[in-house]
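Taking it in order: structure first as structure tokens, then the write-up.
The numbers here are math on the coordinates, done by the rules we state, and not lab data. Small disclaimer: the values here were computed from a predicted structure and weren't measured. Here the Cβ positions follow ideal geometry from the backbone for every residue, glycine too, while neighbour counts run over all protein chains shown.
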């Protein structure tokens, strides 16, 4: 292993590769910050440039762009409540309220530190336990994936706040939207209303941009006070706040970051699950573990609530490299693009990569440490400048958000139908948000819908058209029991409390 | 009628009713999903999940209609009247117009018009600032896409051919 690290360091620490790391982090941060352009788009945009480089250098640059874009996505989540990717949705839950309280700079610093820690812990875990962890996730069958995804959805609904029934209903709506388009298993068109543009389904980017970035901007427009027409001058300058963390805050985020990094890394190993489930689960777990006073601050600018998903999504991003590097299986959309880039270089990732291309294998691992360190070095001093986006007056900032959201989605498909669809979804989201319905469970339902259906179909096929897989496999049955428990727990708790109250009154 | 309106003057009930209608429509459309030949004995077809989801949607929305739970600290119906609905409608119209104009007018002109319209709609009255910001943003974005990232966006109106 030490020889490998030496090979990796020798490759990654050449002047050219350090410059690529630096440039990749910077480019990734800025691309990721633009609403609509997430890590996937950022890496895809970098493929033509990476193609001109040596394989190790190309992969190092793409890894840097990846981490940069994840951090950039968190930045837009915190500053303007516009998560470019699903994994940064929980970041907005507490990051945006902090920014609204005038603590944007501090929120960005917490996010940078948590991301850094998550990435470093994730890379360390990748190095020490990649082979055995990959073996473990290999043993999972479709039924286990199905159960895990169900658990993820129920956890999110349970912890969404504002009522579990509402959150469950929104999860179902998300699942419904994911069924639009050609069915993945048989190719049968569903809910296309005769529109050829709907055959490929609704794009994730479109839905998330419409329900978060566009809806947020439109709600802001809707809520502009009528008596302040002199709103063109910004008052945001005072809201950037101090970047310094209070004494207790660093201690408060230490354990959540460690727990979430471990959780994120393990979930990142599972193909398809990745950073999104990791960040949602980490947020939910920390909310459950917090004491009653701390729990109240979740959703209103909690340091724990911001640090946990940030650490988890970065650790999960690292974890998703395990199946890619050791098995040649992409664990997420982003690693799928990287797989494509590796194949374009003539490199086949898998168990043989370690033997045939040691420089590539080890430089990817080493570049994860270096990429995260560069990101921290780069972003901490830049935070006050990045946060300046808040200083733009609302009448100028809001149309710019609308513009970047619309054009970000249009650039993926070059289809104006997507713009009309976005407007429709944004209007629906505005109405539902005014009626106090949460959007995050819907987004997770939408993301996992296709995977749930695929794994359910495969599990039924393996079990010869029988639902017995739900109870015959102990791991599946256990996960489903936990899901059921999470589903029933609020009701049970409420019932017990009522009984106690009645007893005390008597 | 008054009783029905009074019953629905709860944000959760209103939303639940909308989503109940959505779930019914979804279930109605799910009936049209064709089955592959020979799929008659199959437990899982393209329609299995949609049928299950529509049933789940109807049940959950109905439960919410009956037991909406406690109200969050959201807007009241009286407060809804104070919101800037005109501006929202204007923005939605502007976005639809942008989608419609993107191809015939080209990226630069349609984007500059969209941004200028947006700035003006939200109360910016310093016209020079509006024009400069709108045109420079669209031009810079186009340059970034075309030159740096090699993404082609038709800059000019369809009737202008510039090599």
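Structure data summary
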read-out	value
Packing-based exposure ordering (other Cβ within 10 Å, fewest first) of A:310, A:472	A:472, A:310
Burial order of peptide ranges B:138-147, A:171-180, A:254-263 (average beta-carbon count within 10 Å, highest first)	A:171-180, A:254-263, B:138-147
FRET efficiency estimate (nearest 0.05) - Cβ-Cβ, residue B:147 to residue B:89, R0 56 angstrom	0.90
Fewest-first ranking of A:247, A:296, A:106, using other Cβ atoms within 10 Å as the exposure measure	A:247, A:296, A:106
Rounded Å value of the spacing that divides the Cα centres of the range A:151-214 and the range A:404-419	19
Proxy reagent accessibility, fewest Cβ within 10 Å first, across A:430, A:360	A:430, A:360
By average C-beta atoms within 10 angstrom, highest first, the peptides A:217-223, A:110-116	A:110-116, A:217-223
Residue A:196-residue A:505 pseudo-label distance in nm [points 7 Å out on the Cα-to-Cβ vector]	6.6
Inter-chain Cβ neighbour average for residues A:397-409, partner chain, 10 Å	5
Distance between the range A:249-271 and the range A:77-109 - C-alpha centres, whole angstrom	18
Alpha carbon Rg of chain B, scaled by the compact-globule rule 2.2 N^0.38 Å	1.61
Residue mean of other protein chain beta carbons inside 10 Å, B:28-34	3
Residue A:461/residue B:79 FRET efficiency (R0 60 Å; Cβ-Cβ; nearest 0.05)	0.70
Residue-averaged [θ]222 nm for chain B, counting only DSSP H segments that reach four residues, each worth -39500 (n - 2.57)	-20500 deg cm²/dmol
Whole-Å distance, taken between Cα centres, linking the range A:479-506 and the range A:50-69	51
Other protein chain Cβ atoms within 10 Å, averaged over every residue that makes up B:16-24	3
